[in-house]
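Inspection log for the structure reproduced underneath, given as structure tokens.
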Amino acid sequence: MCVFGTRPEAVKLAPVVQFLKSSSVLRPIIALTAQHREMLDQMLSWFSIKPDYDLNLMRPGQSLAQLTASVLLEMDNLLARTQPNMVLVQGDTATVMAASLAAFYQKIPVGHVEAGLRTHDRYNPFPEEMARRQTGRLATLHFAPTKRAVENLQREGISENVFMTGNTVIDALLDTAERIKGISVDKKLFGGVNFERHRVILVTAHRRENWGTGISDIAQALRRIADEFTDVQILYPIHRNPIVRESVEPVFAGHERMFLVEPLDYVPFVYAMQHSYLVLTDSGGVQEEAPTLKKPVLVMRTNTERPEALESGAARLVGIEQDNIVAATKLLLTNSDEYKKMISQDNPYGDGQASRRIVQEIEKFLG
Ligand code: UDP
């Protein structure tokens, strides 16, 4: 049973589901908790994944405890009815942790995709760091994307059934980049952005620990950049969360080269990444995707569980201080050597074969 809660889980489990479907011995059952509703649905539709069960647990304003409790109870119920041989989860959401616990209580083995990512700071990112640590303890099979992730698990005493597979995000992205070649993307989705005439900076920022001053500082930094560089446009597909929107909307309002747009479906988002000059983000997945598409990525966080691209030089950690964000962005807008240095690196997150490896290991494990 593959369990999906949010947009990134859909992107990163979709290629695994495709391989499960083509296995002669395994059959995937798709269960949604739908912790995030609309953003999850559009992803599933692009990857042609039809849910067998939809728990539909998103409620406006629900607390993390309420969400966790309902995933635990509803998954308990569903697992009791369906009795899968394995539960497969991806990443570090409340869905992942609570579904893993529900499976553990019924002695159903859990396979954890994207295991072993750590910042070693329990509150950053919050609550993801704790969700993935707990899932690491509960899981039986650990699909670690990189060597570093394997080492993180070993340090916690987890060394059995740990497989270094690469990250499935690359499988999904390469497949999508190929499929969108034949599709015409609706440019109206990008507000007034013109990729041919401007250098476009693509921004995503919505992490819980950046809510409030963090996000409004990010917005102020973007405005300073847009004011100074008249050939630059800013494209910010903004998360639906009203707390995030309140901090950003007043800063973007009325600026002719700054565009706040609705969250983009995956296909237009990939198109925007491909055609941008530079990516600024606090997202996890985007840190992996941008280097794959040879776009420099500045990470607006104080730490990251994905240090591989920092080490290779494809990404830089710039924090959330306005001045630092502005300085790092200006450097890439004005210094072509610095820019080239960042895009000449190999992608450290995978080779597009992660899903195949994961399914092979599941087949072996289940005999
Ligand atoms: N994404 C998208 N539309 C957007 C912004 C992001 O499709 O407007 C995709 C992006 O390509 C990546 C995933 O959503 O695959 C990342 O999701 P998010 O930032 O919500 O989660 P995180 O990766 O931080 O867990």
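Yes or no: the stretch 45-65 includes at least one residue that is among the hydroxyl-bearing types (Ser, Thr, Tyr), over 27 Å from PRO125 (Cα atoms) and in a loop (DSSP other than H, G, I, E, B). Yes, the stretch 45-65 has at least one match. Which of the residues spanning the stretch 202-211 are part of a loop (DSSP other than H, G, I, E, B) and open to solvent by less than 30 Å² (accessible area, probe 1.4 Å)? The one that is part of a loop (DSSP other than H, G, I, E, B) and open to solvent by less than 30 Å² (accessible area, probe 1.4 Å): ALA205.
In contact with a strand residue (DSSP E or B) (Cβ under 7 Å, 6 or more places away or on another chain), free of Cβ contacts under 8 Å to residues at least 40 places away in the same chain, closer than 24 Å to GLU114 by Cα and surrounded by fewer than 18 Cβ atoms within 10 Å (Cβ to Cβ): does that describe LEU298? Working first, answer last.
Working: in contact with a strand residue (DSSP E or B) (Cβ under 7 Å, 6 or more places away or on another chain): yes; free of Cβ contacts under 8 Å to residues at least 40 places away in the same chain: yes; closer than 24 Å to GLU114 by Cα: yes; surrounded by fewer than 18 Cβ atoms within 10 Å (Cβ to Cβ): no.
So LEU298 fails the test.
Restricting attention to the stretch 50-73, the residues that are within 16 Å of the ligand (Cβ to nearest atom) and in contact (Cβ under 8 Å) with a residue 40 or more places away in the chain add up to 1.
Can you name every residue in the stretch 93-133 that is open to solvent by 20 Å² or more (accessible area, probe 1.4 Å), outside any loop (DSSP other than H, G, I, E, B) and of a type in the set (A, V, I, L, M, F, W, C)? Those that are open to solvent by 20 Å² or more (accessible area, probe 1.4 Å), outside any loop (DSSP other than H, G, I, E, B) and of a type in the set (A, V, I, L, M, F, W, C): MET97, LEU101, PHE104, MET130. Of the helices (runs of 4 or more DSSP H) lying entirely inside the stretch 292-367, those containing at least 2 residues that are within 17 Å of the chain's Cα centre (by Cα) span 308-312, 354-366. When you go through ASP41, ASP76 one by one, which is the residue that is in a helix (DSSP H, G or I), open to solvent by 40 Å² or more (accessible area, probe 1.4 Å) and within 16 Å of the ligand (Cβ to nearest atom)? So the residue among ASP41, ASP76 that is in a helix (DSSP H, G or I), open to solvent by 40 Å² or more (accessible area, probe 1.4 Å) and within 16 Å of the ligand (Cβ to nearest atom) is ASP41.
Mind telling me which of the residues LEU260, LEU264 ends up being in a loop (DSSP other than H, G, I, E, B) and within 12 Å of the ligand (Cβ to nearest atom)?
Values: LEU260 fails: in a loop (DSSP other than H, G, I, E, B).
On inspection, the qualifying residue turns out to be LEU264.
Out of curiosity, is GLU262 farther than 30 Å from LEU174 by Cβ, charged (D, E, K, R) and surrounded by fewer than 22 Cβ atoms within 10 Å (Cβ to Cβ)? For GLU262, the condition - farther than 30 Å from LEU174 by Cβ, charged (D, E, K, R) and surrounded by fewer than 22 Cβ atoms within 10 Å (Cβ to Cβ) - is not met. Regarding the stretch 338-347, can at least one residue be identified that is crowded, with 18+ Cβ neighbours inside 10 Å, at pLDDT below 95 and of a type outside the set (Val, Ile, Thr)? There is at least one residue in the stretch 338-347 that is crowded, with 18+ Cβ neighbours inside 10 Å, at pLDDT below 95 and of a type outside the set (Val, Ile, Thr). Evaluated against (1) open to solvent by 40 Å² or more (accessible area, probe 1.4 Å); (2) in contact with a helix residue (DSSP H, G or I) (Cβ under 6 Å, 6 or more places away or on another chain); (3) touching a residue at least 12 places away in the same chain (Cβ under 8 Å), SER355 falls short on exactly one condition, (1).
Determine, yes or no, whether ILE158 is within 16 Å of the ligand (Cβ to nearest atom), β-branched (Val, Ile, Thr) and either open to solvent by less than 60 Å² (accessible area, probe 1.4 Å) or modelled with pLDDT of 95 or more (or both). Criteria not met by ILE158.
Residues are listed down the side, and each one gets a yes or a no for (1) part of a loop (DSSP other than H, G, I, E, B); (2) open to solvent by 10 Å² or more (accessible area, probe 1.4 Å); (3) within 16 Å of the ligand (Cβ to nearest atom):
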site: ASN152; (1), (2), (3): no, yes, no
site: LEU174; (1), (2), (3): no, yes, yes
site: GLU178; (1), (2), (3): no, yes, yes
site: LYS188; (1), (2), (3): no, yes, yes
site: VAL193; (1), (2), (3): yes, yes, yes
site: GLU196; (1), (2), (3): yes, yes, no
site: VAL200; (1), (2), (3): no, no, yes
site: ARG223; (1), (2), (3): no, yes, no
site: ALA226; (1), (2), (3): no, no, no
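Scanning for something in a loop (DSSP other than H, G, I, E, B), more than 15 Å from the ligand (Cβ to nearest atom) and surrounded by 23 or more Cβ atoms within 10 Å (Cβ to Cβ), does the stretch 275-287 turn up at least one residue? Even if it seems obvious, please write down each step before you answer.
First, pick out the residues of the stretch 275-287 that are in a loop (DSSP other than H, G, I, E, B): 276-277, 282-284.
Then drop every residue that is not more than 15 Å from the ligand (Cβ to nearest atom), which leaves 277.
If we keep only those that are surrounded by 23 or more Cβ atoms within 10 Å (Cβ to Cβ) as well, we get none.
Among the residues of the stretch 275-287, not one is in a loop (DSSP other than H, G, I, E, B), more than 15 Å from the ligand (Cβ to nearest atom) and surrounded by 23 or more Cβ atoms within 10 Å (Cβ to Cβ), which makes the answer no.
The values are calculated or read from the model by the stated rules, or taken from the named source; none is laboratory data. If you're wondering where the values come from, they're calculated on a predicted model, not measured in any experiment. Note that we place each Cβ from the backbone using ideal geometry, even for glycine, and neighbour counts take in every protein chain shown. Remember, those area values only see protein heavy atoms, side chains included, never the ligands or the DNA or RNA. Shrake-Rupley method; radii C 1.70, N 1.55, O 1.52, S 1.80 Å.
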